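The values are calculated or read from the model by the stated rules, or taken from the named source; none is laboratory data. Values in this document were obtained by computation on a predicted structure and should not be read as measured data. All Cβ positions, even for glycine, are placed from backbone atoms using ideal geometry, and neighbour counts span all protein chains on display. Side chains included, ligands, DNA and RNA excluded: accessible areas come from the protein's heavy atoms. Shrake-Rupley method; radii C 1.70, N 1.55, O 1.52, S 1.80 Å.
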Amino acid sequence: MSAQAYIALNRFGLGARPGEADALGDPARFLRDQVGNGAPLLPEFAAAPGSAQIMRELPERNRMRDMAEELLKQFRERFRSEMGLRFQHGFTSPTGFHERLVWFWANHFTISVTNLRMFAWPSSYEREAIRPHVSGRFIDMLLAVVRHPGMLLYLDNAQSIGPNSLAGKRIDRGLNENLAREILELHTLGVEGGYGQGDVLALAKILTGWSLKRGDEVVGEDAFNFFPNRHEPGGKTLLGVDYAEGYEEGVRALTALASHPSTARHVARKFARHFIADDPPVASVARLESVFNDTNGDLGALAAAVIEDEAAWQAEPRKMRAPVEYVTAAMRAFGGGAKMERKALDGLMNSCRLMGQFPYGAPSPKGWPDEAKAWAGPDAMLERVEWAHALAARLPQKPDASALARDILGPLMSEHSMTILARAADPVQGVALFLSSPEFQRR
Amino acid sequence: MRISRRTLLNGLAAGSGLAAMQGWARLAFAGAPGDARLIVMILRGGLDGLAAVPAIGDPAYASARGALAIGEGAHRLDDTFALNPALKGFAEFWRKGELAVIHAIASPYRERSHFDAQNVLENGTARANGAEGWLNRALGTIAGKSARDALAIAQSVPLILQGEHQVSSWMPGVLPETDPDYLNRVMALYENDPALRSALDDALQIRAMAEDAAGAPLKGSGGMQAARGPYNLVPLAKAAGALIGKEGGPRIAVLEANGWDTHAGQGAGEGQLARRLGNLDEALTAFAGAMGPAWAKTAMLVVTEFGRTVAVNGTNGTDHGTGGAAFAMGGAIKGGQVVADWPSLSRGALHEGRDLKATADLRSLFKGALMATLGLDADVLSRTIFPDSADVKPLTSIFRV
């Protein structure tokens with residue numbers, strides 16, 4: 001074979017393919033025949049949209065983008081207005097303890113507005129997944145949480161696909177273990193609850209296919225759907241127990257986690273820390289733990305148990321109010337909040353942010369911290385004290401600080417604080433000092 | 001042979017005398033105001049070290065990273081490593097010899113919980129439950145220290161600075177200036193509540209310093225409102241730099257930035273993570289500028305709680321991993337070097353088949369920085385500051401001392 005054939009293929013052409021040189025014939029002719037006579041393109045390549053088509057599509061695409069942005073803006077707008085209503089409910093509700101339970105559980109199962117899309121969810125999440133279950137069963141709340149768009153989207157499970165599922169084989173996406181990990185670490189067993197990376201993976205696989213219907217597919221009040229074609233086939237082993245495939249096995253796995261002794265310990269510790277003290281008595285935690293175990297996670301019984309606990313009735317305040325609690329308590333102290341302008345509610349929400357806590361804006365799935373040191377940093381303290389003064393200055397009628405203090409905190413006010421209130425330079429300062437007093441900062 | 005005290009002193013005076021004297025001098029002045037600064041910035045959420053500092057020269061890099069592999073625009077550091085295209089300012093620090101990169105590094109923690117990992121990073125032990133920060137213990141070694149020697153740019157003091165010794169925290173405020181008489185009375189209210197009292201006292205002192213640094217009250221100006229926005233670090237970094245760089249400013253400072261937990265839609269040379277890196281890059285450039293001459297005496301460490309999985313996950317992001325990258329920047333850094341005992345990205349070399357293996361311990365970086373800036377000795381570091389860490393050797397090669 002002459003060198004020319006190879007030159008024709010490699011120098012003139014794109015390079016030889018196997019056997020091509022042998023079949024070539026006259027090299028010069030081989031090349032001449034190609035001039036003005038290219039091989040047909042791959043059909044899909046040839047049929048790809050042309051520039052005119054793209055120009056035709058552009059306005060529609062821009063319109064869709066604008067609509068998407070508009071929708072996100074609406075989500076944020078609705079979030080602000082609904083969080084304002086939630087605030088207002090707290091300002092006026094005669095059932096403060098019930099509301100505190102809602103806040104506690106919403107924080108236990110945190111979702112957060114980490115991006116614009118997330119603004120869509122907190123309000124309905126709290127109403128649908130948290131509120132109905134605060135005196136119900138833990139497993140029911142867990143299931144409602146894990147099936148809710150707020151959680152499925154916040155911790156990415158809606159997009160998680162079993163690598164060996166029908167959908168997983170077809171498209172280039174797969175498993176996301178985020179939700180599974182946080183269920184084990186934060187929602188149920190706790191970080192020292194006795195699970196490993198293998199269990200995280202197993203639960204992630206068990207929860208593949210737990211996702212959401214969209215648009216017209218959503219019928220009734222529940223967008224949740226189990227998609228068998230995204231579900232990882234085959235058995236999984238979670239905490240030594242075997243699970244088969246399917247939705248019901250996922251429910252069985254979550255049920256097992258909900259009634260696991262580590263979950264009782266984890267929940268009891270958090271509950272006692274929230275309602276009793278940063279460092280709650282061991283006996284209180286143990287009592288709550290056994291109530292949780294004995295009632296198979298009856299959250300009403302858990303709430304009743306903390307009411308029964310003497311440690312929760314000590315006169316000395318053991319907890320620092322978190323910013324949202326603090327602002328709420330201040331508004332309640334003036335009997336305000338029944339009628340509030342949107343702008344004022346926005347302002348309060350912003351104040352909470354400056355004190356370190358934006359509603360449904362926790363920095364991570366762990367939720368807000370529940371210890372004084374998280375809220376009593378120098379900067380946050382100054383923010384509170386200044387906010388108290390700004391609020392007092394804005395009150396249309398300034399109440400007498402001493403009378404207000406007696407009305408709101410009664411004998412819980414110390415003599416020392418009452419003396420300082422009595423000596424205030426003017427009514428605004430007096431009210432501000434009351435709101436800044438250690439007795440009001442704590443609970 | 002028995003060495004008498006006199007012989008030893010003579011020996012010092014004669015041979016190695018000069019070096020020893022300098023050593024002593026450094027220790028003696030460790031507590032002096034205006035000396036070297038140690039700044040730690042914590043990137044919370046788990047920064048993907050292979051996105052920030054891609055190992056583009058690793059033969060396995062492109063295939064291991066798949067869709068996350070960074071092609072065009074990366075700033076070459078050496079044959080193996082480059083900086084993410086978004087890190088333009090970092091590349092400039094590198095050029096000036098003020099940036100060193102430490103790669104394949106992690107805390108001793110080997111699980112994958114953010115919160116435990118951050119605890120370990122901050123408490124300086126190998127366990128998640130220590131409730132005292134290593135920088136607080138380090139602060140304890142400064143002679144004549146006050147709460148203003150350690151400052152957190154945060155509303156609340158993060159664990160790394162919590163502990164026995166008083167520290168301060170600061171964020172720019174937005175409310176109008178409050179009547180000093182009122183604040184004095186609040187201080188009186190807190191007479192029997194030491195926690196609230198010291199928090200407020202520190203806040204007032206720091207504010208006075210910050211206003212002094214800025215040359216004007218920081219309250220009530222529109223610009224400072226933006227400084228607290230969640231997505232833009234730049235204004236806050238600038239204000240913090242001016243405060244920390246001030247004559248007599250804090251010896252130790254901590255900054256934080258959230259949002260590095262990129263489980264979905266992470267992007268490569270462009271995209272979500274690159275945008276965040278770009279903002280960090282701009283913020284630290286502004287920070288260094290605002291520090292003024294003090295930057296020349298600064299060692300700033302930028303660290304995260306863990307790296308992320310090498311391979312892309314099912315949602316075009318990465319999950320919690322192990323080894324990652326850390327940055328050391330400032331005039332106290334011998335820059336222009338990447339320190340890495342590189343474990344390779346080939347499948348067999350990965351930790352548990354998924355993560356970049358950690359071949360260095362973050363505590364070695366912290367130890368080196370404490371030696372260089374506060375003059376601590378290796379023994380104190382291994383026993384007190386980082387308990388039971390004698391086997392973790394200080395990384396000294398990247399510090400100018």
### Query
Of the numbered conditions (1) farther than 19 Å from B:Leu356 by Cβ; (2) of a type in the set (A, V, I, L, M, F, W, C); (3) open to solvent by 10 Å² or more (accessible area, probe 1.4 Å), B:Ala299 satisfies every one except a single condition; which is it?
(3)
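Have a look at A:Pro94, A:Pro40 and point out the one that is closer than 30 Å to A:Lys343 by Cβ, of a type outside the set (Val, Ile, Thr) and in a loop (DSSP other than H, G, I, E, B). Please lay out each step first, then the result.
Working: A:Pro40 fails: closer than 30 Å to A:Lys343 by Cβ.
Testing whether each residue is closer than 30 Å to A:Lys343 by Cβ, of a type outside the set (Val, Ile, Thr) and in a loop (DSSP other than H, G, I, E, B) leaves just A:Pro94.
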### Query
Which residues, taken from region A:180-197, are over 17 Å from B:Asn313 (Cβ atoms) and open to solvent by 20 Å² or more (accessible area, probe 1.4 Å)?
A:Val191, A:Glu192, A:Gly194, A:Tyr195, A:Gly196
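Identify the residue in region B:192-203 that is part of a helix (DSSP H, G or I) and facing another protein chain (nearest Cβ under 7 Å) and, among all such residues, is nearest to B:Ala240 (Cα to Cα). If you could, list the steps in order and put the result at the bottom.
Step one: list which residues in region B:192-203 are part of a helix (DSSP H, G or I), which gives B:192, B:194-203.
Those left that are additionally facing another protein chain (nearest Cβ under 7 Å): B:192, B:195-196, B:199-200, B:202-203.
On the way: B:Asn192: 32, B:Ala195: 25, B:Leu196: 24, B:Ala199: 19, B:Leu200: 19, B:Asp202: 16, B:Ala203: 14 Å.
Only one residue tops the list, namely B:Ala203.
Does A:Arg214 fit the bill of being open to solvent by 40 Å² or more (accessible area, probe 1.4 Å) and either of a type in the set (Val, Ile, Thr) or within 12 Å of another protein chain (Cβ to nearest Cβ) (or both)?
On the way: open to solvent by 40 Å² or more (accessible area, probe 1.4 Å): yes; either of a type in the set (Val, Ile, Thr) or within 12 Å of another protein chain (Cβ to nearest Cβ) (or both): no.
When the stated conditions are applied, A:Arg214 does not pass them.
Considering only residues that are part of a loop (DSSP other than H, G, I, E, B), small (Gly, Ala, Ser) and either at the interface with chain A (Cβ under 9 Å from one of its Cβ atoms) or surrounded by fewer than 24 Cβ atoms within 10 Å (Cβ to Cβ) (or both), which ones fall in region B:107-156?
So the first thing to find is which residues in region B:107-156 are part of a loop (DSSP other than H, G, I, E, B), and the list is B:107-113, B:124-133, B:140-146, B:153-156.
Retained after the next criterion (residues that are small (Gly, Ala, Ser)): B:107, B:113, B:124, B:126, B:128, B:130-131, B:133, B:140, B:143-144, B:146, B:154, B:156.
Those that are part of a loop (DSSP other than H, G, I, E, B), small (Gly, Ala, Ser) and either at the interface with chain A (Cβ under 9 Å from one of its Cβ atoms) or surrounded by fewer than 24 Cβ atoms within 10 Å (Cβ to Cβ) (or both): B:Ser113, B:Ala126, B:Ala128, B:Gly130, B:Ala131, B:Gly140, B:Ala143, B:Gly144, B:Ser146, B:Ala154, B:Ser156.
Do the conditions hold for A:Leu433, that is, is it more than 10 Å from every other protein chain (Cβ to nearest Cβ), part of a helix (DSSP H, G or I) and farther than 30 Å from B:Glu132 by Cα? Full working, then the answer.
Details: more than 10 Å from every other protein chain (Cβ to nearest Cβ): no; part of a helix (DSSP H, G or I): yes; farther than 30 Å from B:Glu132 by Cα: yes.
No.
In this structure, is B:Leu243 in contact (Cβ under 8 Å) with a residue 24 or more places away in the chain, assigned to a helix (DSSP H, G or I) and within 14 Å of chain A (Cβ to nearest Cβ)?
Numbers: in contact (Cβ under 8 Å) with a residue 24 or more places away in the chain: yes; assigned to a helix (DSSP H, G or I): yes; within 14 Å of chain A (Cβ to nearest Cβ): yes.
The answer is yes for B:Leu243.
Farther than 23 Å from B:Arg112 by Cβ and either outside any helix (DSSP H, G or I) or at pLDDT 50 or above (or both): is that true of B:Thr7 in this structure? Give the derivation first.
On the way: farther than 23 Å from B:Arg112 by Cβ: yes; either outside any helix (DSSP H, G or I) or at pLDDT 50 or above (or both): no.
Taking the combined requirement at face value, the residue does not satisfy it.
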## Note on the structure
Note on region A:394-439: residues of a type in the set (Gly, Ala, Ser) and either surrounded by fewer than 16 Cβ atoms within 10 Å (Cβ to Cβ) or touching a residue at least 60 places away in the same chain (Cβ under 8 Å) (or both) are A:Ala403, A:Gly410, A:Ala422, A:Ala425
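Name the single residue that is nearest to the other protein chains (Cβ to nearest Cβ) among those in region A:160-179 being part of a helix (DSSP H, G or I) and buried (at least 23 other Cβ atoms within 10 Å of the Cβ).
Top of the filtered list is A:Asn178.
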### Task
Taking B:Pro54 as the residue in question, decide whether it is open to solvent by less than 20 Å² (accessible area, probe 1.4 Å), touching a strand residue (DSSP E or B) at 6+ places or on another chain (Cβ under 8 Å), more than 14 Å from chain A (Cβ to nearest Cβ) and not in a strand (DSSP E or B).
yes
### Query
Checking B:Arg76 against (1) within 12 Å of chain A (Cβ to nearest Cβ); (2) over 20 Å from B:Thr298 (Cα atoms); (3) open to solvent by 30 Å² or more (accessible area, probe 1.4 Å), which test does it fail?
(1)
### Message
Just to check your reading of the model, which residue among A:Ile139, A:Ile111 is at pLDDT 95 or above, of a type in the set (Val, Ile, Thr) and either part of a helix (DSSP H, G or I) or open to solvent by 20 Å² or more (accessible area, probe 1.4 Å) (or both)?
### Response
A:Ile139
### Query
Can you name the number of the only condition in (1) within 8 Å of chain B (Cβ to nearest Cβ); (2) assigned to a helix (DSSP H, G or I) that A:Ala425 fails?
(2)
### Task
Kindly indicate whether any position in region B:165-180 is open to solvent by 10 Å² or more (accessible area, probe 1.4 Å), among the β-branched types (Val, Ile, Thr), free of Cβ contacts under 8 Å to residues at least 24 places away in the same chain and within 14 Å of another protein chain (Cβ to nearest Cβ).
yes
### Query
Would you pick out the residues in region A:180-203 that are within 19 Å of A:Lys270 (Cβ to Cβ), of a type outside the set (S, T, N, Q) and assigned to a loop (DSSP other than H, G, I, E, B)?
A:Leu189, A:Gly190, A:Val191, A:Glu192, A:Gly193, A:Gly194, A:Tyr195
### Message
For region B:339-368, give me each residue that is touching a Phe, Trp or Tyr at 6+ places or on another chain (Cβ under 7 Å) and either small (Gly, Ala, Ser) or open to solvent by 30 Å² or more (accessible area, probe 1.4 Å) (or both).
### Response
B:Gly368
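Considering every residue within region A:52-70, establish whether at least one is open to solvent by less than 90 Å² (accessible area, probe 1.4 Å) and touching a residue at least 24 places away in the same chain (Cβ under 8 Å). Reasoning before the result, please.
Just the residues of region A:52-70 that are open to solvent by less than 90 Å² (accessible area, probe 1.4 Å), to begin with: A:52-54, A:57-60, A:62, A:66, A:68, A:70.
Keeping just the survivors that are touching a residue at least 24 places away in the same chain (Cβ under 8 Å) gives none.
No, the conditions are met nowhere in region A:52-70.
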### Message
Every residue in region A:145-200 that is of a type in the set (A, V, I, L, M), under 24 Å from A:Asp370 (Cα atoms) and without any contact (Cβ under 8 Å) to a residue 60 or more places away in the chain, please.
### Response
A:Val145, A:Met151, A:Leu179, A:Ala180, A:Val191
### Query
From the residues in region A:372-422 that are outside any helix (DSSP H, G or I) and in contact with a strand residue (DSSP E or B) (Cβ under 8 Å, 6 or more places away or on another chain), which one is nearest to the other protein chains (Cβ to nearest Cβ)?
A:Gly377
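The rows are residues; the columns are (1) touching a helix residue (DSSP H, G or I) at 6+ places or on another chain (Cβ under 8 Å); (2) more than 30 Å from B:Thr309 (Cβ to Cβ).
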site	(1), (2)
B:Glu352	yes, no
B:Leu356	yes, no
B:Phe366	yes, no
B:Leu370	yes, yes
B:Ala378	yes, yes
B:Arg383	no, yes
B:Asp391	no, no
### Query
Only one of (1) over 23 Å from A:Met355 (Cβ atoms); (2) open to solvent by 20 Å² or more (accessible area, probe 1.4 Å); (3) modelled with pLDDT of 90 or more; (4) out of contact with any His (no Cβ under 7 Å at 6 or more places or on another chain) fails for B:Val101. Which number is that?
(2)
